[in-house]
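A quick write-up on the structure given underneath.
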Amino acid sequence: MQDLLKKLEAIEYRFTEVGTLIVDPDIISDMDRYVKLNKEYKELEEVVTAYKKYKNIIDNLQSSKELLAIEEDPEMREMAKMEIDALENIRPSLEEDLKLLLIPKDPEDNKNAIMELRAGTGGDEACIFVEDCFRMYTLFFKEMGWHYEILNSQEGGTKGIKEISLEISGDGIYGMLKFESGVHRVQRIPETESQGRVHTSAITVAILPEAEEVDFELDMGDVRKDTFRASGAGGQHINKTESAIRLTHIPTNTVVECQDGRSQHKNLAMAISVLRSRLYQKELDRVHEERAAKRKTLVSTGDRSAKIRTYNYPQGRITDHRINKTIYNLSAFMNGDIKDMIDSLKMAENAERMRGEAE
């Protein structure tokens, strides 16, 4: 426990130091450094608040024990014992909270996110499931108080959505949504199935941390820009103006399209944001692969080809294969009640990271 206290004292010292730096005019004028220090301050603040609460309990415990050692009055001794018992009951859970807070966080967790949903195997049924999942996620965003904006979408052949991408903004979004990356499989009887047979279809979900300019410097000299007429639903104007944007990052052949905005200027800004995030994700994937070579993680492998979840309509259940968790309330889940699953995935990741720290 002394090691834990020393670590927390060092964090409190750094917190005070960063608090002084972020009001320094020289730091404020250096935007890159100011943004990084401001972010560090917010992260340290949570730890320091928990540490002060813990330290207060330790100090009170010490005082109560000292009182018990010298006090002769039976009533006062009984009060001191009760105080010690109460504090000793609180202490273990606070220690666990502090250990959890001291696990190095994924620096991307507080970022906004780009979500991309694409139909995989299953034809129209996969497109319908993309639309179902899009509705599920947007209901969850509303529940969380997050804002989203559609960047690009393409309708299915006869029904549903073939692919859709959106930008989600709010607090701690990537840290919540990153577990959704992967293959989502659905088992149900399609509307067109006359024999009542259950079909299996799949869609892919990709979650990218939204990269800011300070995260990834995009050289626009490496990018080819094309304009074209937007297609799909959107009223008369959508086919009359070349407002849609296609950006191609020549060194990596990464292509991004954006057509859901009303103006070419807005679509260009959105496309640049998505392209920067895609390239930033590629760099993150490389770093994560290097880490995974040392210690493979159960939850966040980053492998978007991995089947992560099955939605079984006949049995009304959802199973996440990474943590073997099954929820028997598919109707509520598809209406945006997905936080319990996400929380379970976060707990599994935290437990994993704590084991990694202990090794």
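Readers should treat all values here as calculations from the given coordinates under stated rules, not as data from a laboratory. Just so it is clear, the structure is predicted and the values come from calculations on it, not from any experiment. All Cβ positions, glycine included, derive from the backbone under ideal geometry; neighbour counts span all protein chains shown.
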- Query: What is the local net charge at Glu78, summed over the other residues whose Cβ is closer than 14 Å to its Cβ (Lys, Arg +1; Asp, Glu -1)?
  - Reply: -4
- Message: How would Ser63, Ser201 line up from fewest to most surrounding beta-carbon atoms within 10 angstrom?
- Response: Ser63, Ser201
- A chain fully extended from Met79 to Thr121 at 0.36 nm per residue, minus the present Cα-Cα distance, gains in nm 8.3 nm
- Note on the structure: HN-Hα couplings for region 145-156 via Karplus (6.51, -1.76, 1.60; θ = phi - 60°), in whole Hz with x for Gly/Pro, come out as x, 8, 9, 9, 9, 6, 9, 7, 8, 9, 5, x
- Query: Given that compact globular proteins tend to follow 2.2 N^0.38 Å, what is the ratio of the alpha-carbon Rg of region 76-209 to that value?
  - Reply: 1.62
- Note on the structure: Share (percent) of C-alpha pair distances in the chain greater than 34 Å works out to 42
- Here the FRET efficiency for Ser63 versus Lys42, based on Cβ atoms and R0 = 30 Å and rounded to 0.05, is 0.40
- Mind pulling up the Rg/Rh value for region 2-101? Radius of gyration and Kirkwood radius, both on Cα. 1.20
- The size of the Cβ-based charge dipole (Lys, Arg +1; Asp, Glu -1) of region 2-101 about the Cα centre, to the nearest 20 debye, is 380
- Message: What are the ³J(HN,Hα) couplings of region 4-15, residue after residue, when phi is run through the Karplus curve with 6.51, -1.76, 1.60 and θ = phi - 60°? Round to Hz, x for glycine and proline.
- Response: 5, 5, 4, 5, 5, 5, 5, 5, 4, 4, 5, 4
- Task: Would you calculate a helix-derived [θ] at 222 nm for the chain, using -39,500 (n - 2.57) for each DSSP H run of n ≥ 4 and dividing by the full residue count, to the nearest 500?
- Result: -16500 deg cm²/dmol
- Long-range amide H contacts for His199: which residues qualify at under 5 Å (H placed 1.01 Å from N, peptide plane, sequence gap of 5 or more or a different chain)? Arg188, Ile189
- Residue-by-residue Karplus 3J(HN,Hα) for region 270-279, coefficients 6.51, -1.76, 1.60, Hz, glycine and proline x: 5, 5, 4, 4, 5, 5, 4, 5, 5, 5
- Message: Past 27 Å, Cα to Cα: identify those pairs from Lys36/Lys282; Lys42/Lys266; Lys55/Lys142; Lys142/Lys225; Lys6/Lys178; Lys225/Lys282, in the order given.
- Response: Lys42/Lys266; Lys55/Lys142; Lys142/Lys225; Lys6/Lys178
- Message: What does the net charge come to around Cys127 if you take all other residues with beta carbon closer than 11 Å to its beta carbon, with K and R at +1 and D and E at -1?
- Response: -3
- Note on the structure: The simple spin-label model distance between Asp109 and Met31, using points 7 Å out along Cα→Cβ, in nm, is 2.8
- Note on the structure: In whole Å, largest first, the alpha carbons of region 60-144 cover along the principal axes 81, 26, 22
